[in-house]
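J.: Structure below; questions to follow.
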Amino acid sequence: MIDPRSITDDFEETARRLARKGVERELLEQVRSAALARREAIVATDEARRQLNAGSAEVGRLVREGQVERAGSKRAELAAAGEQLGILEAERRGAEESFEELLARVPNLPDEVVPDGSSEEDNRVVRVEGYDPGAYEGRELRPHWEVAEALGIMDTERAAKLSGTMFEVLRKGGARLLRGLVDFGLDLHRARYEETVVPHMVRTEVIERTGHLTKFDTQAYRLRDDELWLLPTAEVGLMGLYQGEILAEADLPKRSMAYSVCWRREAGAAGRDTRGMQRLHEFHKVELVSLCTPETSQEELQALLGDCEATLRTLGLPYRVVELCAGDLTFAASRVYDLEVYAPGLDRWLEVSSVSLITDFQARRGGIRFRRAGSGSVELVHSLNGSGLATPRVWAAVVEHGQQPDGSIRLPEALVPYVGTDVITA
RNA sequence: GGAGGGAUGGCAGAGCGGCCGAAUGCGAGGCUCUUGAAAAGCCUUGGGAGGCGACUCCCCGGGGGUUCGAAUCCCUCUCCCUCCGCCA
């Protein structure tokens, strides 16, 4: 949620900033009038309750003084007032619900430095690292699924038998490569991020309050017989850890990471870029998150970006850093860098990490706050997240980069200790 | 899965339906005293909503109910503890 005051107290500026994200002015006007209606309802019930409280205290006093008849008549009078209050409170609940429902539809404010634009087309490539188009000339480069199926390390057909489309079975060297990548990712980041294992199933409240379960977001799988959801990303678990808490400023920035399996329904994505390891219902990922103070969040974003880049750099994979334009930002983000790895067999750039600054948007809904060391005042933290290592696509990139004329796969040096070999063969 | 007990402020721990947003202790912060420190004494010390403000309202695990009035009574959910059963 954004701060509703930005709409009631600073409407024009807020409307201007949100217009860059494609938000209709009309929605904001609805939020504003709902906010004002809510405020009126609060004032009305508070006043009615104040009178009732005062009257009740009066009854108590009369009873103590033994003025039984006066207490009785006062009591009757207050019963009527109580009914009135009930009506006002029902109105207030209604006003609060419609206000919250509308507010939930407003996305986070885009950062002012984010470029203008309405779609992917307008994203800005910040820089390209390790990419040399000449290096691929004259080589026969196949997509990872061809290389992997030929080696027998990936079995799409049997995966479909087990679970349907958009699932994979990995075998032998392919399975070891996956395990090695996860281990490598955790080791690479453990100096700066607290390694955590979180439950892979979370309560409705947790997934809701991390912003991963809205009316428009039907990505998560729900368990049939329990009020639990499968993690769409470990971020849900890591952020959920601190919901409703007030952290000490001295504990910030609080950086943590978790390896988890991630499950996504990918509704609406059927048939799009789904070949091989590009898009799966179930994948493995090391996620990095950080909670920090508002004044340090921009530098924390750069630090997180650097950490996520280190994964690709250490693996020797070419990648580029793309800053998303205002219109392409996700709902909750104020600023996002996408990291895209180059897949030479596909001749495409694959998104492997979205490094996002959420400012206080997620913290407000989740109630994640901190206490200032000096003043003792309580404020919302800023939250950030990014993928430290997203296996399906990094796995694919390693396979496509390492493919050799004899069909084997040469592994990046950094992975050799983790996979236990420098070449994956049949 | 079955039986029982519990949930109160940073922590511990009181709390006959009205005098309870809440005793007391510890912790933390400030002040006095002191060359400094300790000790002692005094004071302060939860969160949220509305309001320029005075101030008002809400919160004793969550939700609902009874009542003029609920931390206190009733229902329900969640979590924790003990015992039994099952189990990697």
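The values are calculated or read from the model by the stated rules, or taken from the named source; none is laboratory data. Remember, it's a predicted structure, so these values are computed and weren't measured experimentally. Counting neighbours? That spans all protein chains shown, and the Cβs are built from the backbone with ideal geometry, glycine included. The protein model used for the area step is the full one, side chains on, heavy atoms only, and it has no ligands, DNA or RNA in it. Shrake-Rupley method; radii C 1.70, N 1.55, O 1.52, S 1.80 Å.
J.: Quick check on this structure: which one of A:98, A:56, A:73 is within 8 Å of RNA strand B (Cβ to nearest atom), surrounded by fewer than 17 Cβ atoms within 10 Å (Cβ to Cβ), among the hydroxyl-bearing types (Ser, Thr, Tyr) and modelled with pLDDT under 90?
T.: A:56
J.: Quick one: in segment A:132-150, which of the residues that are open to solvent by 80 Å² or more (accessible area, probe 1.4 Å) and farther than 20 Å from residue A:394 by Cβ is farthest from the chain's Cα centre (by Cα)?
T.: The extreme case among them is A:138.
J.: If I filter segment A:381-392 for residues that are surrounded by fewer than 23 Cβ atoms within 10 Å (Cβ to Cβ) and farther than 30 Å from residue A:150 by Cα, do I get at least one hit?
T.: So far as segment A:381-392 goes, no, none of its residues is surrounded by fewer than 23 Cβ atoms within 10 Å (Cβ to Cβ) and farther than 30 Å from residue A:150 by Cα.
J.: Considering only segment A:78-95, state which residues are in contact with a helix residue (DSSP H, G or I) (Cβ under 8 Å, 6 or more places away or on another chain), more than 10 Å from residue A:41 (Cβ to Cβ) and within 10 Å of RNA strand B (Cβ to nearest atom).
T.: Matches in segment A:78-95: A:78, A:81, A:82, A:85.
J.: Would you mind stating whether residue A:29 is under 30 Å from residue A:117 (Cα atoms) and either in a loop (DSSP other than H, G, I, E, B) or open to solvent by 70 Å² or more (accessible area, probe 1.4 Å) (or both)?
T.: So residue A:29 passes the test.
J.: Let me ask another. Within the group A:347, A:338, which residue is of a type in the set (Asp, Glu) and open to solvent by 20 Å² or more (accessible area, probe 1.4 Å)?
T.: Residue meeting the stated conditions: A:347.
J.: Looking at (1) more than 23 Å from residue A:354 (Cβ to Cβ); (2) in a helix (DSSP H, G or I); (3) open to solvent by less than 40 Å² (accessible area, probe 1.4 Å), which is the one condition that is false for residue A:238?
T.: Exception for residue A:238: condition (1).
J.: Report, ordered by the first and then the second residue, all pairs with beta carbons closer than 9 Å, sequence separation of six or more or different chains, a first member in segment A:85-96 that is hydroxyl-bearing (Ser, Thr, Tyr), and a second member that is open to solvent by less than 50 Å² (accessible area, probe 1.4 Å) and away from RNA strand B (no atom under 11 Å from the Cβ).
T.: Listed by first residue and then by second, the contacts come to nothing, as the list is empty.
J.: Out of all the residues in segment A:54-77, is one or more under 28 Å from residue A:35 (Cβ atoms), of a type outside the set (A, V, I, L, M) and not assigned by TED's automatic domain parsing to the domain that holds residue A:361?
T.: Within segment A:54-77, not a single residue is under 28 Å from residue A:35 (Cβ atoms), of a type outside the set (A, V, I, L, M) and not assigned by TED's automatic domain parsing to the domain that holds residue A:361.
J.: Right, something else. Are any residues in segment A:217-258 within 29 Å of residue A:281 (Cβ to Cβ) and among the acidic types (Asp, Glu), and if so, which ones?
T.: Hits for segment A:217-258 are A:217, A:225, A:226, A:227, A:235.
J.: If you don't mind, another one. Taking segment A:2-43, which residues are farther than 23 Å from residue A:326 by Cα and among the hydrophobic types (A, V, I, L, M, F, W, C)?
T.: Within segment A:2-43, A:34, A:35, A:36, A:37, A:41, A:42, A:43 meet the criteria.
J.: Here's something else I'd like to know. Specify the residue that is farthest from residue A:364 (Cα to Cα); the eligible residues are those in segment A:245-261 that are open to solvent by less than 50 Å² (accessible area, probe 1.4 Å) and of a type in the set (Gly, Ala, Ser).
T.: By that ranking, first place goes to A:260.
J.: So how many residues does segment A:76-133 have that are among the small types (Gly, Ala, Ser) and either closer than 27 Å to residue A:362 by Cα or in contact with a strand residue (DSSP E or B) (Cβ under 6 Å, 6 or more places away or on another chain) (or both)?
T.: Residues meeting the conditions: 7.
J.: Let me ask something else about it. Does residue A:51 meet the test of being among the polar types (S, T, N, Q) and touching a helix residue (DSSP H, G or I) at 6+ places or on another chain (Cβ under 8 Å)?
T.: When the stated conditions are applied, residue A:51 passes them.
For every residue, the table says whether it meets (1) away from RNA strand B (no atom under 14 Å from the Cβ); (2) open to solvent by less than 50 Å² (accessible area, probe 1.4 Å); (3) at pLDDT 90 or above.
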| position | (1), (2), (3) |
| --- | --- |
| A:7 | no, yes, yes |
| A:19 | yes, no, yes |
| A:35 | no, yes, yes |
| A:38 | no, no, yes |
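J.: Can you pull out every residue in segment A:150-176 that is outside any loop (DSSP other than H, G, I, E, B) and closer than 17 Å to residue A:280 by Cα?
T.: Those that are outside any loop (DSSP other than H, G, I, E, B) and closer than 17 Å to residue A:280 by Cα: A:154, A:156, A:157, A:158, A:159, A:160, A:161, A:162, A:163, A:170, A:174, A:175.
J.: Does residue A:105 qualify as being more than 9 Å from RNA strand B (Cβ to nearest atom), charged (D, E, K, R), within 41 Å of the chain's Cα centre (by Cα) and surrounded by 14 or more Cβ atoms within 10 Å (Cβ to Cβ)?
T.: yes
J.: May I ask you to say which residue of A:218, A:233, A:196, A:204 is touching a Ser or Thr at 6+ places or on another chain (Cβ under 8 Å) and surrounded by fewer than 21 Cβ atoms within 10 Å (Cβ to Cβ)?
T.: Within the list A:218, A:233, A:196, A:204, the selection yields A:196.
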